[in-house]
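Student: Structure provided below as structure tokens; questions to follow.
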Amino acid sequence: MIVIAHISDTHVDTGPRSAERTRAVMRYLEELPYDLHAIVVTGDVTDHGLPAEYELARELLASRHPVLFCPGNHDEREAFRRHLLAQAAGSTAPVNQVHRSADAVIALCDSSVPGKDEGLLTEETLAWLEDVLVQTARHTPVLVGFHHPPADLHIPYVDGIRQFGAERLAALADRHRNIAGFLCGHAHTAAATVFAGRPLLVAPGVVSTLRLPWEHPGVPHGHVHLDQPPALAFHVLDEGRLTTHYRHVSV
């Protein structure tokens, strides 16, 4: 059995609010009496993709647990590489990362499209993911993560900027039955559905919570709720089956 913490949409900027909420989530994870398999951060790590924001995010998201990242639509690939991942700068190619262990593989794909809010997995990223899966034993479960959900969540604002071209990902999943599930963010609300016959698990937002369409009619600026506490998900992977728990964190 492995346990993974899943956070998303920290939107770290140079102000105190996002830093305080991110710090509260990470403090909660650091104080767990348990060593997590990994902390997965599914994008929108920063709010504007600025070097100073990534430097702060790198400090805030440091952990005794392994931390894995993929970009979101608010991120900027070159600064993401240089200031968050401490890699050599210069490349604006998709930022894809894989974490392997004896028990599971986590493949994080870059679904961001520079200059746009909607998402897409490029052919380069799909080829990278296919290679990761080919190199993985068939009995080893794989979790695939990205920022943008590849299916409608019945939230018009989010559905309009979700991951498009998802039929290519579904076809890939059909070829690799050891994909145990998909993890994403972007929606700023905890959600669960099915994509390509697997669980699609959406992390709640750290910086804010999105009100659902039936929750906010007539409320000014109603789709964003700033007063809800930050939240995260725990995914438990046991014999290829996923169980998810959601937790709110006090700031």
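Student: Select from the range 224-251 the residues that are farther than 30 Å from H139 by Cα and of a type in the set (V, I, T) and write down the one among them that is surrounded by the fewest Cβ atoms within 10 Å (Cβ to Cβ).
Tutor: Per the criteria, the residue is V251.
Student: How many residues are of a type outside the set (V, I, T), surrounded by fewer than 22 Cβ atoms within 10 Å (Cβ to Cβ) and either in contact with a helix residue (DSSP H, G or I) (Cβ under 6 Å, 6 or more places away or on another chain) or over 15 Å from H11 (Cα atoms) (or both) if we restrict to the range 62-76?
Tutor: Residues flagged as of a type outside the set (V, I, T), surrounded by fewer than 22 Cβ atoms within 10 Å (Cβ to Cβ) and either in contact with a helix residue (DSSP H, G or I) (Cβ under 6 Å, 6 or more places away or on another chain) or over 15 Å from H11 (Cα atoms) (or both) within the range 62-76 amount to 6.
Student: Out of T42, T14, I need the residue that is modelled with pLDDT under 95 and on the phi < 0 side of the Ramachandran plot. Which one?
Tutor: Checking each option against the conditions leaves just T14.
Student: Check the range 47-66 and report whether any residue there is under 24 Å from L143 (Cα atoms) and either β-branched (V, I, T) or touching a Lys or Arg at 6+ places or on another chain (Cβ under 7 Å) (or both).
Tutor: No, the conditions are met nowhere in the range 47-66.
Student: Which condition does V3 not pass, out of (1) under 18 Å from A190 (Cα atoms); (2) crowded, with 24+ Cβ neighbours inside 10 Å, if it passes all the others?
Tutor: Only one criterion in (1) under 18 Å from A190 (Cα atoms); (2) crowded, with 24+ Cβ neighbours inside 10 Å is unmet by V3, namely (2).
Student: Here are some residues: D103, D9. Which one is among the charged types (D, E, K, R) and in contact with an Asp or Glu (Cβ under 6 Å, 6 or more places away or on another chain)?
Tutor: Answer to the check: D9.
Student: With respect to the numbered conditions (1) touching a residue at least 24 places away in the same chain (Cβ under 8 Å); (2) within 18 Å of P51 (Cβ to Cβ); (3) surrounded by fewer than 20 Cβ atoms within 10 Å (Cβ to Cβ), which one is the sole condition not fulfilled by S91?
Tutor: Evaluating S91 over (1) touching a residue at least 24 places away in the same chain (Cβ under 8 Å); (2) within 18 Å of P51 (Cβ to Cβ); (3) surrounded by fewer than 20 Cβ atoms within 10 Å (Cβ to Cβ) leaves (1) as the failure.
Student: Note down all Cβ pairs under 8 Å where the first residue falls in the range 197-208 and is hydroxyl-bearing (S, T, Y), the second is outside any strand (DSSP E or B) and modelled with pLDDT under 95, and they're at least six residues apart or on different chains.
Tutor: S208/L226; S208/Q228
Student: Inspect all residues belonging to the range 109-119 and state whether any of them is out of contact with any strand residue (DSSP E or B) (no Cβ under 8 Å at 6 or more places or on another chain) and over 27 Å from D159 (Cβ atoms).
Tutor: Just the residues of the range 109-119 that are out of contact with any strand residue (DSSP E or B) (no Cβ under 8 Å at 6 or more places or on another chain), to begin with: 114-117.
Next, from what is left, pick out any that are over 27 Å from D159 (Cβ atoms): none.
No.
Student: Quick test of your reading of the structure: T46 fulfils all but one of (1) over 29 Å from A166 (Cβ atoms); (2) buried (at least 20 other Cβ atoms within 10 Å of the Cβ); (3) without any contact (Cβ under 8 Å) to a residue 40 or more places away in the chain; (4) among the polar types (S, T, N, Q). Name the failing condition by number.
Tutor: (1)
Student: Cβ-Cβ below 8 Å, separation at least six or inter-chain, first residue in the range 66-79 and outside any loop (DSSP other than H, G, I, E, B), second aromatic (F, W, Y): which pairs?
Tutor: Within 8 Å, the pairs are F69/F80; C70/F146; A79/Y54.
Student: What are the pairs, 6+ residues apart or on separate chains, where a residue within the range 224-245 that is at pLDDT below 95 has its Cβ under 6 Å from a residue that is of a type in the set (V, I, T)?
Tutor: That search, which allows pairs on different chains as well, returns H225/T209; Q228/T209.
The values are calculated or read from the model by the stated rules, or taken from the named source; none is laboratory data. Since this is a predicted model, take the numbers as computed values, not measurements. No Cβ is skipped: glycine too gets one built from the backbone with ideal geometry, and neighbour counts run over all protein chains shown.
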